[in-house]
Amino acid sequence: MINREIIEAFGAIAREKNVDRAELSDIIQKVFLTLIEKKYNSVENFDVIVNMDKGEIEIYQRKLIVEEITDPLNQISVEQVKLTEPDLEAGEYYVEIIDPLSFGRRLITHAKQVLNQQIQSVEKNQIYEEFSKKIGQIIIGDVHQIRRDAIFINIGKAELKMPHEDQIQGEKYRRGESIKSIVKEATIGVNGPEIIVSRASDDFLIKLFENEVPEIYDKTIEIKKVARHPGDRSKVIVESNDRRIDAVGACVGIKGSRIQAIVRELNNEKIDIINNSSEPEILITRALSPAKPFMLEIDEDKKTALAIFPDEEISVAIGKNGQNIRLASRVTGYSIDAIKRSDYELTESETTYLEDVEGLTEHNWKLLYGIGIDTAEELLATPKEDLINIKGLGEKSIEKILVLVSEAVEKKKAELETARKAVEDATASSEDFEKYEEEVDKYLEEDEDEKSVTKEEKAKTKVSGEDTGIDVE
């Protein structure tokens, strides 16, 4: 048995490392098995029993009783056994008690080192277990180290990592400052646990809303979708499960108190709160805020939308580097394109619909509409062989239709070209007139200056009496 002082020394290390007694007992057992392995090169016939209450360690070695020893590690002679256990015979097993102090001071010192390593391993596992249960939760820690690719945050004995991509754009961190983040993932590897936290994830924004808006926390209001450009702009779709509660109003709070608390935490990130709608047109219109589309064309099957904006609002609709329209696309699930109203109207004016083609019968253009050909451009792009196969139209009818449509397209092109030239001429004339007015104004100003100078010179000449052809009395 080992004396209580060594057990207490091990216990002191464990208390310092915050390891409970049961875990310490297992660790000490593993430590002494390591010592046995180091001394005897085997642990197969050894048992280690640790009694923390009594402060005792018992080490037993089981040996086979034999007449002649060939393996001293696993065998013991009958003569040796008879000295202490006279009733035991050859072929039976004898249990020998080994004094832990027999391992020597050097091995005991080594045992303490192994103990420290084992305790560190337990600590690492504890950190992993603790934070693996906190995934998706907000935590507060102190910035410990700042590197180019990541910052490291301390919470107690745990060191958490926030990679560059999980940081808010433009945010500056200082050592020692406290910051909030969300536990993103927890893994354990060769070097111990790696806990990744984030301030840039959508989940961090959602958790901040849950903390600031009680109605979201208790599920009265649901966050349906989030799209985020961290530190710049976010769009959040919300929906109330109680008709008496306004989802957007609850998120904003009295005088904006709730939303402002979130905005401040996110380095003044702009947040657009959008009331959910089952109508795609309404939802997309709201999502495109702060711009308001003049018109929307939505394709439900392809999940696409074309948003037409007044010319002066197109830059707001698209946003810096396309950010606003990209976030609107992500949050609604529709691929949204934006176009100026003037460009859209010009594109529309170039399109010739079959029903507007002079000479084309209603019967014929309805047949073509029925197979998805709506415009002259679509018809002319369709192979003639495919058109002939249309039920209800013969080859002669197709040729006649193609002639009519081609003439209509050429006529439309000529009209548009004339209209464009007229606009260009009017613009040029307007510019020429403006230049002419500027030149006239400049000439008049110069003329006025010249007249003024001439009058002054004449006055000076008269006073000074210079020879001007006029007598001076």
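How about the range 148-202: which of its residues are of a type in the set (Ser, Thr, Tyr) and either under 21 Å from residue 126 (Cβ atoms) or touching a Lys or Arg at 6+ places or on another chain (Cβ under 8 Å) (or both)?
181, 187, 198, 201
For the range 123-149, a tally of residues being buried (at least 16 other Cβ atoms within 10 Å of the Cβ), assigned to a strand (DSSP E or B) and not β-branched (Val, Ile, Thr) returns 1. With respect to (1) of a type in the set (A, V, I, L, M); (2) surrounded by 12 or more Cβ atoms within 10 Å (Cβ to Cβ); (3) without any contact (Cβ under 8 Å) to a residue 24 or more places away in the chain, the lone exception for residue 190 is condition (2). The set of residues from the range 150-192 being outside any loop (DSSP other than H, G, I, E, B), among the acidic types (Asp, Glu) and within 19 Å of the chain's Cα centre (by Cα) comprises 165, 166, 185.
Highlighted here are the helices (runs of 4 or more DSSP H) found entirely within the range 360-473 that include at least 2 residues which are more than 30 Å from residue 342 (Cα to Cα) and at pLDDT 50 or above: 362-370, 384-388, 395-464.
Scanning for something buried (at least 19 other Cβ atoms within 10 Å of the Cβ) and either polar (S, T, N, Q) or in the same structural domain as residue 414 (by TED's automatic domain parsing) (or both), does the range 333-340 turn up at least one residue? Within the range 333-340 (the criterion being buried (at least 19 other Cβ atoms within 10 Å of the Cβ) and either polar (S, T, N, Q) or in the same structural domain as residue 414 (by TED's automatic domain parsing) (or both)), the answer is no, since none of the residues qualifies. Here the condition is being surrounded by 13 or more Cβ atoms within 10 Å (Cβ to Cβ) and closer than 15 Å to residue 330 by Cα; of 276, 267, it holds for 276 alone.
Filtered by the rule that a residue be modelled with pLDDT under 90 and assigned to a helix (DSSP H, G or I), the range 281-312 gives 311, 312. What's the number of the only condition in (1) surrounded by 14 or more Cβ atoms within 10 Å (Cβ to Cβ); (2) in the same structural domain as residue 227 (by TED's automatic domain parsing) that residue 241 fails to meet? Every listed condition holds for residue 241 apart from (1).
Give the residue that is modelled with the highest pLDDT, with candidates limited to residues of the range 346-359 that are out of contact with any helix residue (DSSP H, G or I) (no Cβ under 8 Å at 6 or more places or on another chain) and exposed (fewer than 12 other Cβ atoms within 10 Å of the Cβ). Let's see the steps before the verdict.
Looking only at the range 346-359, we keep the residues that are out of contact with any helix residue (DSSP H, G or I) (no Cβ under 8 Å at 6 or more places or on another chain), and these are 346-348.
The next check asks that each one be exposed (fewer than 12 other Cβ atoms within 10 Å of the Cβ); those that pass are 347-348.
Values: 347: 57, 348: 54.
Step by step, filter the range 346-359, then rank; the result is 347.
Is there a residue being modelled with pLDDT of 85 or more, loosely packed, with under 11 Cβ neighbours inside 10 Å, hydrophobic (A, V, I, L, M, F, W, C) and out of contact with any Leu (no Cβ under 6 Å at 6 or more places or on another chain) anywhere in the range 47-62? No, the conditions are met nowhere in the range 47-62. Among the conditions (1) closer than 24 Å to residue 322 by Cβ; (2) crowded, with 21+ Cβ neighbours inside 10 Å; (3) not charged (D, E, K, R), the only one that residue 197 does not satisfy is (1).
The residue pairs whose first member lies in the range 170-185 and is under 22 Å from residue 203 (Cβ atoms), whose second member is in a loop (DSSP other than H, G, I, E, B) and of a type in the set (Lys, Arg), and whose beta carbons are closer than 7 Å, counting only pairs six or more residues apart or on different chains, are 181/199; 183/134. Within the range 63-81, residues that are in a strand (DSSP E or B) have Cβ atoms under 8 Å from residues that are crowded, with 16+ Cβ neighbours inside 10 Å and basic (Lys, Arg) in these pairs: 75/63; 76/63, counting only partners at least 6 apart in sequence or on another chain.
Can we say residue 307 is farther than 29 Å from residue 204 by Cα, crowded, with 17+ Cβ neighbours inside 10 Å and assigned by TED's automatic domain parsing to the domain that holds residue 337?
Numbers: farther than 29 Å from residue 204 by Cα: yes; crowded, with 17+ Cβ neighbours inside 10 Å: yes; assigned by TED's automatic domain parsing to the domain that holds residue 337: yes.
Here the answer is yes, as residue 307 does meet what is asked.
Taking the range 229-251 as the range and being modelled with pLDDT of 95 or more and of a type in the set (Lys, Arg) as the test, only 235 passes.
The values are calculated or read from the model by the stated rules, or taken from the named source; none is laboratory data. Fair warning: this is a prediction, and the values are worked out from it, not measured in the lab. Cβ coordinates were reconstructed from backbone atoms using ideal geometry, including for glycine residues, and neighbour counts include every protein chain displayed.
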